[in-house]
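What follows is one structure encoded as structure tokens, with my remarks underneath.
The values are calculated or read from the model by the stated rules, or taken from the named source; none is laboratory data. In this text, all values refer to a predicted model and were calculated from it rather than measured experimentally. FYI the Cβ positions are ideal-geometry reconstructions off the backbone, even for glycines, and counts take in every protein chain you see. Accessible surface is based on the protein model in full, side chains and every heavy atom, while ligands, DNA and RNA are left aside. Shrake-Rupley method; radii C 1.70, N 1.55, O 1.52, S 1.80 Å.
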Amino acid sequence: MILTRLFLIRHAIVEPSARLTMYGDMDVPLCTVALAAEQVAHAWLAERLPRPARWFCTPLARTRSTAAAIFAGGYPEQRLTELPDMREQNLGRWQGLTHEEFTALLRDPPHPFWPHSAEERPPGGESVSDVVKRVGPVLEDLVDKYPGESLVIVAHGGSIRAALAHACGFTPYQALQFSVRNLSLTRLENLSGQWRVGAVNEEPPGLGVLH
């Protein structure tokens, strides 16, 4: 029996002006004030994460910057391999709109815990179902390439929920019912081809109220 463990971390909180918009997979920076204030959380993650481990991020700078903060918190610095298909949901022509502008364009009632329904696809963008379809093969490929290893992936709220949907066979609607806070840790395990969930949304100490 081969056990492969995946440790998924949602990136730190982004800067204030981005939070006023639907930024999706735009490459927005982290909030420098929050980064400075949340060093306890970075240190907790540095202690909590396995050693040795392979480290991954997405092409969006906020994941690489979050990994750098964890390294500064005490985890030995690692080479980061990018996983493009673990990026955040692309919101197409909705990206960059204010929340008010975006809400006026919705076709369907929004999900109770997400700005739009799980199945609505933004013009030129992705639905949550689309994200699940691209994230699932990434997880399976990682397990095939690195059997028996520990893998740390700094990713996004959307792609982490998609990973849960893939691992557990949840519908996209059900996946959106999970809370995945910034800097939280979600653990998935693959035992010889079968997925199980170790934990969801483990919250480190020292998080700010905006998460």
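Quick rundown of the values:
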{"item": "Of the DSSP H helices in the chain, those whose Cα atoms cover at least 18 Å axially and whose Kyte score averages -0.5 or more", "result": "128-145"}
{"item": "Sulfur and carbon atoms: percent of accessible area, the chain [1.4 Å]", "result": "55"}
{"item": "Accessible area per residue, Å², the chain with all protein chains present, probe 1.4 Å", "result": "45"}
{"item": "Label-point gap, in nm, between residue 54 and residue 191 - each point 7 angstrom along Cα→Cβ", "result": "2.2"}
{"item": "FRET efficiency for residue 81 and residue 103, using Cβ-Cβ distance with R0 set to 45 Å, rounded to 0.05", "result": "0.75"}
{"item": "Heavy-atom SASA rank of 99, 156 (probe 1.4 Å, accessible area, largest first)", "result": "99, 156"}
{"item": "Relative contact order for the chain, counting Cα pairs under 8 Å that sit 6 or more residues apart, in percent", "result": "33"}
{"item": "Range in the chain, longest, excluding exposed GluC sites (Glu not before Pro) [loop by DSSP; at most 15 other beta-carbon atoms within 10 Å]", "result": "120-211"}
{"item": "Ranking by accessible area, most exposed first, for 97, 183 with a 1.4 Å probe", "result": "97, 183"}
{"item": "Sequence of 130, 85 when ordered by accessible area, the most exposed leading, probe 1.4 angstrom", "result": "85, 130"}
{"item": "For the chain, calculated [θ]222 nm from helices alone, where every DSSP H run of n ≥ 4 adds -39500 (n - 2.57)", "result": "-9500 deg cm²/dmol"}
{"item": "Listed residues 64, 79, 54, most fluctuating in the chain (Gaussian network, C-alpha, under 10 Å)", "result": "79"}
{"item": "Candidates per trypsin sites (Lys or Arg not before Pro) in the range 88-145, loop by DSSP, up to 12 other Cβ within 10 Å", "result": "107"}
{"item": "Label assignment, Cα Rg over 2.2 N^0.38 Å derived from the structure, set (i) 1.06; (ii) 0.98; (iii) 1.56", "result": "(ii)"}
{"item": "Centre separation in Å (Cα based) which lies between the range 147-184 and the range 4-81", "result": "15"}
